[in-house]
Each structure stands twice: as structure tokens, then as C-alpha cells.
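Everything below concerns the one structure shown next.
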Amino acid sequence: MERNFPTLETKRLFLREITTEDTYDVFTYLSDKDVVKFMGISPCQNIEDVEEEINWYKSIYKEATGVRWGITMKDTGTVIGSCGFLNMLTKHYRAEVGYELSKVYWGQGIASEALEAVVHYGFQHLQLERIQALIEPANISSQKLVERQGFIKEGLLRHYEYTCGKFDDLLMYSILKNDRSK
């Protein structure tokens with residue numbers, strides 16, 4: 001991984017490192033039960049919960065097992081979500097992608113814009129061959145989002161995760177580097 005945190009730019013967004021200065025922005029969306037509904041976490045109850053999440057972002061980058069960008073509006077500088085890689089296995093040239101977005105910005109193509117930039121970065125700069133997304137079957141909007149980006153549904157992983165006191169089935173989606181050139 002690069003020593004300096006990479007910054008990505010799209011038409012409307014900066015994707016940048018989330019810092020403690022962004023704590024209140026992050027709290028705004030991570031405390032919303034609708035935003036975290038399919039993330040396998042409970043809504044943040046306080047600033048300490050958000051600081052723990054931000055520390056996790058820092059740790060996965062430091063350990064080279066992931067990178068999580070803050071989705072930041074160019075016009076306001078407000079962090080409105082995050083998108084990035086986790087469970088990155090450089091030995092196998094693969095990573096999982098995850099994302100969330102403040103409800104106020106749903107339906108505006110922002111998640112798609114961020115995801116496209118992150119996937120491109122993964123293939124071009126991290127030398128990934130495969131990017132996968134694990135999505136709860138009830139999360140139809142997320143399934144549609146990754147399908148628009150060219151991800152293929154591979155199958156259902158039954159009781160794949162235990163989160164928030166229950167076992168979750170997850171759909172496995174993936175995109176390969178050469179899928180982007182088709």
C-alpha cells in the first residue's frame with residue numbers, strides 16, 4: 001500500500017481518508033438505523049462508537065488488509081458515507097468491497113460514482129484480480145448497484161456471518177479485472 005493515503009476524485013466527489021475531524025459527519029449517517037440495516041452493525045449511539053469505526057479504518061490501512069475512503073461532497077466538504085476494501089488478500093489478488101451512504105443522498109447516483117472509482121483504483125493500483133461484494137438478500141438496492149457496475153451474482157452463502165445476534169445469509173457477487181474490458 002502507498003505510504004500516503006490515496007485520494008480519488010470524481011465529478012462530484014473527493015474520496016479521502018476519514019479523520020477524527022469527520023466524526024460528527026460520520027455519526028450523522030452511522031447512527032441512522034436505515035443506513036446500517038444491512039451492514040452487520042448496530043447504529044452508533046455516541047461519538048465513541050464512531051471513533052471506534054474510524055480507528056478500524058486506520059487499522060486496516062496500516063495492516064494493508066483494506067482501505068476505506070470517506071465519500072466527500074466537493075461542494076461542501078461534508079463526509080456523507082464511505083466506500084472501500086476490506087479483507088484484502090494480496091497473495092490472492094482479491095478484496096471485498098463495502099460502502100454506505102447517508103440516506104439524504106440515496107438515489108442520486110453518488111454510491112455508484114464512488115464505487116466505480118474505488119473498483120477502478122483496486123484494479124489499476126492495488127493490482128487486484130477479483131473484487132467481491134457480500135450482500136444480504138433483502139438489500140435489493142445494493143444488489144442493483146453492484147450489478148450496474150458489472151458484478152456477477154455467484155451464489156448464496158448460507159449463515160455466512162453472525163452479526164447483531166443472528167446468522168446472516170449473504171449473496172456473493174464478484175467482478176474480475178478482465179470483466180471491465182468486455
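Figures for the structure shown
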read-out	value
With every protein chain in place, the chain: carbon and sulfur % of accessible area (1.4 Å)	49
Debye equation applied to the C-alpha atoms of the range 74-117, log10 I(q)/I(0) at 0.25 Å⁻¹	-0.91
Solvent exposure of the chain as accessible area per residue, Å², 1.4 Å probe	55
Calculated [θ] (222 nm, deg cm²/dmol) that DSSP helices of n ≥ 4 give over the chain, each run adding -39,500 (n - 2.57)	-8500 deg cm²/dmol
Equivalent ellipsoid dimensions for the range 1-97 as semi-axes, Å, which come from the Cα gyration tensor, largest first	21, 17, 13
Lysine pairs in the chain with Cα atoms under 20 Å, if 8 or more residues apart or on separate chains	15
Label selected from (i) 36; (ii) 26; (iii) 67, the criterion being percent of Cα pairs over 26 Å apart as computed here	(ii)
Kirkwood hydrodynamic radius (C-alpha pairs) into Stokes-Einstein, the range 92-182, 37 °C and 0.692 mPa s, D in µm²/s	236
Gap separating the Cα centres of the range 1-28 and the range 118-182, nearest whole Å	22
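The values are calculated or read from the model by the stated rules, or taken from the named source; none is laboratory data. Remember, predicted model here, so these are calculated numbers, not experimental data. With ligands, DNA and RNA removed, areas are computed over all heavy atoms of the protein, side chains included. Shrake-Rupley method; radii C 1.70, N 1.55, O 1.52, S 1.80 Å.
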